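Here the structure is laid out as structure tokens; the discussion comes afterwards.
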Amino acid sequence: MTLAEIADRLGCRLEGDGTLVITRVATLDDAGPGDLTFLANPKYASRVATTRASAIILAEDAEPAPCAMLRSPQPYRSFAQALSVLGRNERPAAGIHPSAIVAPDATIGVEASVGPLAVIGAGATLGNRVVVHPHVVIGPGVVIGDDSVLHARVSIRERSRIGARVVIQDGAVIGSDGYGFVTDGDGVHHKIPQQSVVVIEDDVEIGANTTIDRPAVGETRIGQGTKIDNLVQIAHGVKVGRHSLLVAQVGIAGSSIVGDHVVLAGQVGVAGHITIGDRVTATAQTGIPNSIEAGALVSGYPAIDNRDWLKASAIFRHLPELRRQLKSLETRLEALESRLKG
Amino acid sequence: MTLAEIADRLGCRLEGDGTLVITRVATLDDAGPGDLTFLANPKYASRVATTRASAIILAEDAEPAPCAMLRSPQPYRSFAQALSVLGRNERPAAGIHPSAIVAPDATIGVEASVGPLAVIGAGATLGNRVVVHPHVVIGPGVVIGDDSVLHARVSIRERSRIGARVVIQDGAVIGSDGYGFVTDGDGVHHKIPQQSVVVIEDDVEIGANTTIDRPAVGETRIGQGTKIDNLVQIAHGVKVGRHSLLVAQVGIAGSSIVGDHVVLAGQVGVAGHITIGDRVTATAQTGIPNSIEAGALVSGYPAIDNRDWLKASAIFRHLPELRRQLKSLETRLEALESRLKG
Amino acid sequence: MTLAEIADRLGCRLEGDGTLVITRVATLDDAGPGDLTFLANPKYASRVATTRASAIILAEDAEPAPCAMLRSPQPYRSFAQALSVLGRNERPAAGIHPSAIVAPDATIGVEASVGPLAVIGAGATLGNRVVVHPHVVIGPGVVIGDDSVLHARVSIRERSRIGARVVIQDGAVIGSDGYGFVTDGDGVHHKIPQQSVVVIEDDVEIGANTTIDRPAVGETRIGQGTKIDNLVQIAHGVKVGRHSLLVAQVGIAGSSIVGDHVVLAGQVGVAGHITIGDRVTATAQTGIPNSIEAGALVSGYPAIDNRDWLKASAIFRHLPELRRQLKSLETRLEALESRLKG
């Protein structure tokens, strides 16, 4: 594709030779002739001068580069679009692979693709153009909306409801039993049957080997447009709002409610039966034992206001010094006291 | 089923119309006509007045509800029983699916169910009424006790021994190689063969995508009745006692011993080669570098007594203020000192 | 095998009866007649006197044991070698199981073993003697080097490149989509296509249910000889050096660079776009928000020098006491001040 065509499809202003043929998007360091690169993070600006790319996407006010330029008001967004425009089509062919095991009463939408050795349970319904990669297991009564993609070895347990345009990465488990037990007087734990459902709304993405549990009653729900990274644990009865980001290895305990546009960074933990308000951000490894009001930026364990945490953390390493100072003050004070007593 | 019959099976005292027909258990908020709800957590007591349920399970001394009531000495336990009584039977039919690949010398118990595309290795033994869901892989020489249930895509490696009534959720891995290496003088790590076994005792539950490693020698063992949540890591040679709870994303390093009735809350980490006594509880995200005596309640990293940790944590955010106070005391003390010197 | 033969193969000095026949390696506690045990960790030295083993591996200067002895300059290494010498051969037979689904244009090396229900995609290449266990899914265009072993239910996504002698434990996912989104002015997240590759160099081991993401451009790379434990998350574009150790539940965020001979203990988190120098060690649960210089030993969150952290942590629990002392000093100082004023 020529650079002029790409500029047109991305809505970028072209500076340089529009007849260049571009075949690939690459990083500043990796790019060579025929490649389009990009500058989105100012941290990497110094690498522009030495790039071997044929063309670069960059901001309107960025320093000129030694190659053709696509000027963009939002370079990172234009980069993403360039990937879509120049990317591969890796969608498998429509149709049901002969080795897949599809229940006779399952419904498969038009142009859907069901890969080798997938298992589709009784009464399940797959929308149009759904892609089911090899070894996916879809339980009885599951419903999956149009254009969703399930990568290899995903497990969707019975009666879960998955929206449209949902992407689920390899090995994720949707609808496993919630961790619910009643403990008797002898400390023996008895299983509470977990037979209710998980609902995944439209446009959600779920990462590799992430697990989302079903509750005994009610539902576990992930709101529209929320993106969940790898190895995240969502317990039974949790409700996550719309357009939130749950980064890798986050854990949310049972029955908690997470608002819209929330960001939980990597390895954050959220206790059970609490509410995280809209637009809350928690930095990495934060532990949240109590409800958090909308808009807060929190850190630490237990979670406190991020600025307070930054200040307190900066002092933490000086605790030995503080203790010495305290000791020294005490000695000096004693000296004064005994002098005045005398 | 009528409410009177349910009251009878749950051993609850009925207040109200026993002829009501109940079809489902539901939460206070979701319940409607025909539903039985429950009040177990006092946090939700205010919602009783507005429930649309036909009946409710609640404590003997709870405020009366605007519907039929099942009075219980243990409402949460009665709720769990109601779910069993009213729940679905989702047990797949007995028999071996024709697509399963079962070694000729494997032994399958009576009324066992082996699902589509399961693989059962040479010499494996499955007890009576065992349920193996689709895509489970059972290695050579594995033994599984009566009435155990293996959900989809579970992997049981060679020679692991699984007890009776064990439930393993989707994607869990039992018996993967322990993380054992010898490092030479050049810092190169050489694999130590990990060929010993994992033993899972009776009545254990193991969560989705949890991993339990085999050791080189000796065994990794999970004691009777212990319940393990999702995404937990149990390293090689660990021994977990009976009736313990390991909540999501807990990690236990190699050769450590965890007692009976221990509770490790979410994201807790336990170092290797240490002992956690019986009835220890560690709150979420606690890091345990050293052995802990029986009965302790610990928090923080490194783990300390929970009350000490709560008090210290409450002061942590005030460290900047403490430092200012210290500075101010020093200034005042200097003023006194110089005045007295003069 | 006789003890004399084992001594010879391990290069150990024999003290005692070389004609003893040894069948197994076992722990000090478990060993009985016919077993070879070992003492590598001085913590367990007191158990030597009571072992029932026929022979023991121990250091040249260790106290004599009540059985035949193999004296070794490196007892742990000799133990590992003994396991190799006496271990089982669990390598499945070469050949492609008839239930495996292998693309017609895939290339399978000599003496490779492809297990039941494995799926090998178009154009994939497997080296000589590669072992693919049941239910492994290998995507189109994947390349796997000689002598690598993929345990059950591993997922290798399209075009990933795996070196020689790599071992991947059950359920691991290599090449899932990176967590990359562009957020628009309404807070809606749009997926950035992730179509580049993961490269795993020679002699790497990857643990059960670990996930390694592919980036949009560039590559994610794991250097030669690095060993990764279970449930680890490696984000898109991360580069890990050679001979490093990433212990269970570690998470590394996007585009970060981890050096050679680095050790990240369990549950450590590393932020995105930073550099961890060679030979850095981070103790368990450390959170690393900024780059770390080569050779550092760090702890805590945010990560600081390990000695500083140990000292500060020891004082942390005494914060309530420190605050009381501060208060008391203030009172005493006020008393002096008012006395001097009077």
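The values are calculated or read from the model by the stated rules, or taken from the named source; none is laboratory data. Given the structure is predicted, the values throughout are model-derived calculations rather than measurements. Here the Cβ positions follow ideal geometry from the backbone for every residue, glycine too, while neighbour counts run over all protein chains shown. Surface accessibility is based on the protein's heavy atoms, side chains included, excluding ligands, DNA and RNA. Shrake-Rupley method; radii C 1.70, N 1.55, O 1.52, S 1.80 Å.
Among the residues of the stretch C:172-219, the one identified as of a type in the set (Phe, Trp, Tyr) and not in a loop (DSSP other than H, G, I, E, B) is C:Phe181.
The lone criterion from (1) crowded, with 24+ Cβ neighbours inside 10 Å; (2) of a type outside the set (Ser, Thr, Tyr); (3) within 12 Å of the chain's Cα centre (by Cα) left unmet by A:Ala284 is number (3). So, of the residues in the stretch A:327-336 that are open to solvent by 70 Å² or more (accessible area, probe 1.4 Å) and within 16 Å of C:Leu322 (Cβ to Cβ), which turns out to be farthest from the other protein chains (Cβ to nearest Cβ)? The extreme case among them is A:Thr331. Which numbered condition trips up B:Ser78, out of (1) of a type outside the set (A, V, I, L, M, F, W, C); (2) in contact (Cβ under 8 Å) with a residue 40 or more places away in the chain; (3) surrounded by fewer than 21 Cβ atoms within 10 Å (Cβ to Cβ)? Result: B:Ser78 fails condition (3) only.
The rows are residues; the columns are (1) assigned to a loop (DSSP other than H, G, I, E, B); (2) free of Cβ contacts under 8 Å to residues at least 12 places away in the same chain; (3) of a type in the set (S, T, N, Q).
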{"position": "B:Ala4", "(1), (2), (3)": "no, no, no"}
{"position": "B:Asp17", "(1), (2), (3)": "yes, no, no"}
{"position": "B:Asp30", "(1), (2), (3)": "yes, yes, no"}
{"position": "B:Leu36", "(1), (2), (3)": "no, no, no"}
{"position": "B:Lys43", "(1), (2), (3)": "no, yes, no"}
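On the basis of being within 26 Å of B:Thr226 (Cβ to Cβ), more than 7 Å from every other protein chain (Cβ to nearest Cβ) and touching a residue at least 24 places away in the same chain (Cβ under 8 Å), does A:Ala164 make the cut? So A:Ala164 fails the test.
For the stretch B:82-99, a residue qualifies if it is modelled with pLDDT of 95 or more, outside any loop (DSSP other than H, G, I, E, B) and open to solvent by 40 Å² or more (accessible area, probe 1.4 Å), and exactly one does: B:Ile96. Considering only residues in the stretch B:272-281 that are in a strand (DSSP E or B) and open to solvent by 20 Å² or more (accessible area, probe 1.4 Å), the one that is nearest to C:Tyr301 (Cα to Cα) turns out to be B:Thr281.
Within the stretch A:237-249, the set of residues being on the phi < 0 side of the Ramachandran plot and either within 10 Å of chain C (Cβ to nearest Cβ) or not in a loop (DSSP other than H, G, I, E, B) (or both) comprises A:Lys239, A:Val240, A:Arg242, A:Ser244, A:Leu245, A:Leu246, A:Val247, A:Ala248. For C:Asp177, the conditions (1) acidic (Asp, Glu); (2) more than 10 Å from every other protein chain (Cβ to nearest Cβ); (3) open to solvent by less than 20 Å² (accessible area, probe 1.4 Å) all hold with the exception of (2).
Evaluate the following for C:Met1: is it open to solvent by 20 Å² or more (accessible area, probe 1.4 Å) and aliphatic (A, V, I, L, M)? Yes: the conditions hold for C:Met1. When we screen C:Val131, C:Val119, C:Val143 for residues that are in contact (Cβ under 8 Å) with a residue 40 or more places away in the chain and β-branched (Val, Ile, Thr), the only hit is C:Val131. Scanning the stretch A:132-156 for residues that are touching a strand residue (DSSP E or B) at 6+ places or on another chain (Cβ under 9 Å), within 17 Å of A:Ala100 (Cα to Cα) and within 11 Å of chain B (Cβ to nearest Cβ) yields A:Pro134, A:His135, A:Val136, A:Val137, A:Ile138, A:Gly139, A:Ala152, A:Arg153, A:Val154, A:Ser155, A:Ile156.
Would you check which residues across the stretch A:107-145 are open to solvent by 20 Å² or more (accessible area, probe 1.4 Å), aliphatic (A, V, I, L, M) and not in a strand (DSSP E or B) and list them? If the condition is that a residue be open to solvent by 20 Å² or more (accessible area, probe 1.4 Å), aliphatic (A, V, I, L, M) and not in a strand (DSSP E or B), then A:Val110, A:Ala122 are the ones that fit. Could you go through the stretch B:29-51 and let me know if any residue there is open to solvent by 20 Å² or more (accessible area, probe 1.4 Å), at pLDDT below 95 and touching a Gly at 6+ places or on another chain (Cβ under 9 Å). Scanning the stretch B:29-51, I find at least one residue that is open to solvent by 20 Å² or more (accessible area, probe 1.4 Å), at pLDDT below 95 and touching a Gly at 6+ places or on another chain (Cβ under 9 Å), so the answer is yes. Applying a threshold of 8 Å to beta carbon distances and a minimum spacing of six or more residues, or different chains, the list of pairs starting in the stretch C:217-236 at a residue that is at the interface with another protein chain (Cβ under 9 Å from one of its Cβ atoms) and ending at one that is among the aromatic types (Phe, Trp, Tyr) reads C:Lys227/B:Tyr179; C:Lys227/B:Phe181; C:Asp229/B:Tyr179; C:Asn230/B:Tyr179; C:Ala235/C:Tyr179.
Here's the yes/no breakdown for (1) away from chain A (no Cβ under 14 Å); (2) open to solvent by 30 Å² or more (accessible area, probe 1.4 Å); (3) in a strand (DSSP E or B); (4) touching a helix residue (DSSP H, G or I) at 6+ places or on another chain (Cβ under 9 Å):
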position	(1), (2), (3), (4)
B:Ser255	yes, yes, no, no
B:Asn290	yes, yes, no, no
B:Gly295	no, yes, no, no
B:Tyr301	no, yes, no, yes
B:Ser313	no, no, no, yes
B:Glu321	no, yes, no, no
B:Gln325	no, yes, no, yes
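Among the residues that make up the stretch B:146-168, is at least one of them in a loop (DSSP other than H, G, I, E, B), open to solvent by 50 Å² or more (accessible area, probe 1.4 Å) and in contact with a Lys or Arg (Cβ under 7 Å, 6 or more places away or on another chain)? Yes. When the stretch B:257-268 is filtered for residues that are hydrophobic (A, V, I, L, M, F, W, C) and open to solvent by 20 Å² or more (accessible area, probe 1.4 Å), the ones remaining, listed by number, are B:Ile257, B:Val263, B:Ala265. For the stretch A:107-116, a tally of residues being without any contact (Cβ under 8 Å) to a residue 24 or more places away in the chain and touching a strand residue (DSSP E or B) at 6+ places or on another chain (Cβ under 8 Å) returns 6.
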